[in-house]
1. Springs between alpha-carbon pairs under 10 angstrom, Gaussian network model over the chain: which of LYS258, LYS61, LYS206 fluctuates most?
2. Can you figure out the FRET efficiency of ILE224 with GLN95, using R₀ = 45 Å and their beta-carbon distance, to the nearest 0.05?
3. What FRET efficiency, computed as 1/(1 + (r/R0)^6) with R0 = 25 Å and r the Cβ-Cβ distance, is obtained for ASP170 and LEU118, rounded to the nearest 0.05?
4. Kindly put ARG256, ARG86 in sequence by how many other C-beta atoms sit within 10 Å of each C-beta, fewest to most.
5. Using θ = phi - 60° and the Karplus form 6.51 cos²θ - 1.76 cosθ + 1.60, what ³J(HN,Hα) does each residue of the stretch 176-192 get, whole Hz, x for Gly and Pro?
6. What length, rounded to one decimal in nm, is gained on full extension from ASP34 through to HIS269, with 0.36 nm per residue of separation minus their alpha-carbon distance?
7. Cβ under 13 Å from ASP276's Cβ, ASP276 left aside: what net charge do those residues give with Lys, Arg +1 and Asp, Glu -1?
8. Just how large is the dipole of the stretch 1-97 about the Cα centre, in debye to the nearest 20, putting +1 at every Lys and Arg Cβ and -1 at every Asp and Glu Cβ?
Amino acid sequence: MNQADKQYCQSCGMPLRFDVEEYLGTNSDHSRSDEYCYYCLKGGDYTVDIPMSEMVDIWVKYTDKYNWYSHTNYTPQELRTLLSKRLPTLKRWRQKEETESLHQKAVSQVKAYIDKNLFATLDPEQLAAMATLSFFHFRKVFRNTTGENVGTYIQRLRLEYVAHLLIATDQSIGDIQQQTNYETKFSLAKAFKKHFGISMSNYRTKYQSVNTLGMPGDLPIPEIRRINTLNTICLDVNGAFRNAHTYQAIWEQLKRYKEKYQSKTANNHFISISQDNPQVTSPDLRRLYIGFITDEYTSLEGKFTPQEISGGIYAVFTHQGSYSQLPNLYKTIHEQWLPHSRYIQKHPLSFEVYLNTPDEVAEEELITEVYIPIDKG
């Protein structure tokens, strides 16, 4: 660590007070640290285990205390901007970022394998070997990354795919069971009812009745388009949308990466990918990625991973205006357009392509294409 780095606590980013020994943290041998303040390090251990964004939030909440300690006069917003730039450069967060990036890549690889082999036999120990982690460590990393145990995650995805088929197609329950890893219709029905709290037949009746209500006259008219396989470079949102500052930070990271590695061509628009049917999966569990389309292969850094979108026939809906109206468009597509069209949604996946951005145009001029994979019903 160079001398310039030592002027800040390598955890919270506050200027270190070498003039007052008691303001310095303590190492495991109880000596004073020359890297961490007393708020962050005690006996060689961090005093709190929190995300970097929460560390910023804490100091913004106590801006007055920060100013008193460091002899500054920042406003809360100025302090947020300052620390949001400073903390990623500090020792604690660089090390954590490197470890999290390795774990993210390992889990992303496993998740991609699960997606492609959802109804095959999936052995958690083999998945751990794929991630090059011990079984014990893999289970911990997978849960920390996804919020679920690997077995629970696989079971949920299987049942949610079954739920998608129930409301998006007319396949019989017997035909659906044959596509799954369940030995009998009874075992599938039991697992489904335990997860959703309702039988498969009642689930179909409930949601298909919602989706066949009166058809208004102003339904959106999509373009039916065949596309080739798309290659994208993405970041896993992983629930970050629940925190506006964190979500914005992910977008900023994505924009910087795209500017650094991608030439400005017409086919590398920003994109978001949802791998779940919004009628089935709760928002906090949806697999959501943001990224950009690319034909240029670069070495992937940090938490960036490749995501492939299968080619095929898609209904493409063009939306102009605020992103806040997109949920209403999806509701109309699923509850009204699809049931009254001659198509079914082939897979739960959908994706959005952003033809321009809020940095380029006013909100009312934003243009978003929504892609729904379809097949003839």
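Read-outs throughout are calculated quantities, based only on the coordinates presented, and are distinct from any laboratory measurement. Quick caveat, the model's predicted, so the values are computed rather than measured. Backbone-built Cβ (ideal geometry, glycine too); neighbour counts: all protein chains shown.
1. So, out of LYS258, LYS61, LYS206, the one fluctuating most is LYS61.
2. For ILE224 and GLN95, the calculated efficiency is 0.35.
3. The calculated FRET efficiency here is 0.70.
4. The fewest-first ordering by Cβ neighbours comes to ARG256, ARG86.
5. So the Karplus estimates, Gly and Pro as x, are 5, 4, 5, 8, 9, 9, 8, 5, 9, 4, 5, 5, 5, 4, 5, 5, 5 Hz.
6. 80.0 nm
7. +2
8. Around 280 debye, computed over the stretch 1-97.
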